[in-house]
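**Student:** A single structure is presented below for examination.
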Amino acid sequence: MDAPHVVILGGGFGGLAAAKALARADVRVTLVDRHNYHLFQPLLYQVATATLSAGDIGAPIRWVLRRASNVRVLLGQAQSVDVASRRVRLSDGATLDYDYLIVATGARHAYFGHPEWEAYAPGLKTLDDALLMRRRILLAFERAEREEDAARRGALLTFVLVGGGPTGVELAGTLAEITRQTLRDEFKAIDTARARIVVVEAGPSILSTFRADLRDAARRSLGRLGVEVREATRVVGIDEHGVDVESQGARERITASTVLWAAGVAASPLIQTLGVPLDRAGRALVEPDLSIAGHPEVFVIGDASSFVHTHDGVPLPGVVQPATQGAAHAARTILRRMRGEASTPFVYKDLGNMAIVGRASAIADLGWIRLSGLLGWLAWLFLHIAKLIGFRNRVVVLIEWAVAYITYQRGARLITGDDKRT
């Protein structure tokens, strides 16, 4: 009798952790991803801001799982799941039958009912997104250098970041450093240090998942870098010439040629084919053990799931730790069920949260200790280096960061590809 077949959809943090957890089990594992690489998403913004190259934060999935003899990796995109027949259909028409299924397809950025904004405000979830952002940021300075009209030049040197979470704050801080240090002596007609960087947050505060003292420290750091922080300010319109915002009933126009999106997210469309209740972001509402209602053989983890079985009923955040811990729990539950044992509820252990704000400045809430400034930055560096996959990537990223710190230079400032902005 063949060993049970476990299909894992997605090679991100959750999917990769699930495959590793099942690598020595008596099961056949097939991992399917539309890319051949695992992406270290927390450092995507450093690709977007020309600090790192794309290859520095990616690792081939086949290489990562090369020693897992029971794991097969397939390049493909899952299009739908027939839970009744336990079958996954891929976009090329191929199908995969499973005994157990782990869905870890992640999320994409969402525009709150305004998909037309995406053409003017790219989000940051994939390498293609990061390269598009990098291209638009660098082209803005190149075009400003040639622009003779002062108003138009001002618009080209204005950058609006929508969303005050960790991604938006990290983008803003790094972009401020680029304008004030990296590019300072490279242009003759413009003063890059006079670039205007605005973070727009609809909620009452940036970095809402952090404690108040750490949020205050982040605001001070952004202020020192010259970044404008607009809290309790809602974006109501985006076009090729800028952003319309609204605060306390007053509407304002921010003229800007570069708008970057770091706000809402939505689950993969694949989740809709599971036939289960979804939350507002399209994530599957899962049972306490991360399976879906009526189908205990199907697990949804990470950004694709909405786990509300917490003490306050608030869904778990879409960050790395819930994805990897959920993957380990799903793998353990599969093995328990193979032994005829009952499943146990998933219990999430919050290991902390951190965000870099600028040069030698970060905030970190690790539960047992809270850090800001240089100590927070050193903790951020250590943990991110440790979590990167592959010795080469760790060494390269460490060297790139050291060079950037000492010389203020970014080593990936090549403008490539075409801007398909409409």
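**Student:** Return the residues of segment 388-411 that are in a loop (DSSP other than H, G, I, E, B) and among the basic types (Lys, Arg); say none if nothing qualifies.
**Tutor:** Taking segment 388-411 first, the residues in a loop (DSSP other than H, G, I, E, B) are 388-390, 408-411.
Within segment 388-411, 410 is the sole residue that qualifies.
**Student:** Please state which of the following conditions residue 297 fails to meet, knowing it meets all the rest: (1) within 26 Å of residue 30 (Cβ to Cβ); (2) in contact with a Phe, Trp or Tyr (Cβ under 7 Å, 6 or more places away or on another chain); (3) crowded, with 19+ Cβ neighbours inside 10 Å.
**Tutor:** (3)
**Student:** Looking only at segment 114-132, decide whether some residue is aromatic (Phe, Trp, Tyr) and buried (at least 17 other Cβ atoms within 10 Å of the Cβ). Give the steps one after another, and end with the answer.
**Tutor:** Going through segment 114-132, the residues aromatic (Phe, Trp, Tyr) turn out to be 117, 120.
Within this subset, residues satisfying the condition of being buried (at least 17 other Cβ atoms within 10 Å of the Cβ) are 117, 120.
Yes: one or more hits.
**Student:** State the number of residues belonging to segment 335-364 that are of a type in the set (Gly, Ala, Ser) and part of a loop (DSSP other than H, G, I, E, B). Please lay out each step first, then the result.
**Tutor:** If we filter segment 335-364 for residues that are of a type in the set (Gly, Ala, Ser), which is where we start, we get 340, 342-343, 352, 355, 358, 360-362, 364.
Subset that is part of a loop (DSSP other than H, G, I, E, B): 340, 342-343, 352, 360.
Residues meeting the conditions: 5.
**Student:** Just one of (1) modelled with pLDDT under 95; (2) polar (S, T, N, Q); (3) outside any loop (DSSP other than H, G, I, E, B) trips up residue 310, so point out which.
**Tutor:** (3)
**Student:** Considering each of 327, 379 in turn, give the residue that is of a type in the set (A, V, I, L, M, F, W, C), crowded, with 18+ Cβ neighbours inside 10 Å and either touching a Pro at 6+ places or on another chain (Cβ under 8 Å) or over 30 Å from residue 212 (Cβ atoms) (or both). Walk me through how you get there before you give the answer.
**Tutor:** On the way: 379 fails: either touching a Pro at 6+ places or on another chain (Cβ under 8 Å) or over 30 Å from residue 212 (Cβ atoms) (or both).
The match here is 327.
**Student:** Say we look at segment 82-113 and pick out the residues that are among the acidic types (Asp, Glu) and touching a Ser or Thr at 6+ places or on another chain (Cβ under 9 Å); which of these is surrounded by the fewest Cβ atoms within 10 Å (Cβ to Cβ)? Quick ask: steps written out before the conclusion?
**Tutor:** Let us first name the residues in segment 82-113 that are among the acidic types (Asp, Glu), namely 82, 92, 97, 99.
So of that shortlist, the ones also touching a Ser or Thr at 6+ places or on another chain (Cβ under 9 Å) come out as 82, 97.
Working: 82: 14, 97: 12.
For segment 82-113, the residue satisfying everything is 97.
**Student:** Now for a separate question. Could you tell me which residue of segment 197-229 is farthest from residue 136 (Cα to Cα), considering only residues that are of a type in the set (D, E, K, R), within 22 Å of the chain's Cα centre (by Cα) and surrounded by 14 or more Cβ atoms within 10 Å (Cβ to Cβ)? Write out each step before concluding.
**Tutor:** First pass over segment 197-229, keeping only residues of a type in the set (D, E, K, R): 201, 211, 213, 215-216, 219-220, 224, 228.
Those still in the list that are within 22 Å of the chain's Cα centre (by Cα) too: 201, 211, 215, 219.
Imposing the further condition that a residue be surrounded by 14 or more Cβ atoms within 10 Å (Cβ to Cβ) reduces the set to 201, 215, 219.
Working: 201: 22, 215: 29, 219: 26 Å.
By that ranking, first place goes to 215.
**Student:** Still on this structure, please answer the following. Using beta carbons and a limit of 6 Å, which pairs, at least six apart or on different chains, have the first residue in segment 280-306 and within 16 Å of residue 15 (Cβ to Cβ) and touching a residue at least 40 places away in the same chain (Cβ under 8 Å) and the second one in a loop (DSSP other than H, G, I, E, B) and of a type in the set (Phe, Trp, Tyr)?
**Tutor:** That search, which allows pairs on different chains as well, returns 290/346.
The values are calculated or read from the model by the stated rules, or taken from the named source; none is laboratory data. Nothing here was measured: the structure is a model prediction, and the numbers come from that model. Backbone-built Cβ (ideal geometry, glycine too); neighbour counts: all protein chains shown.
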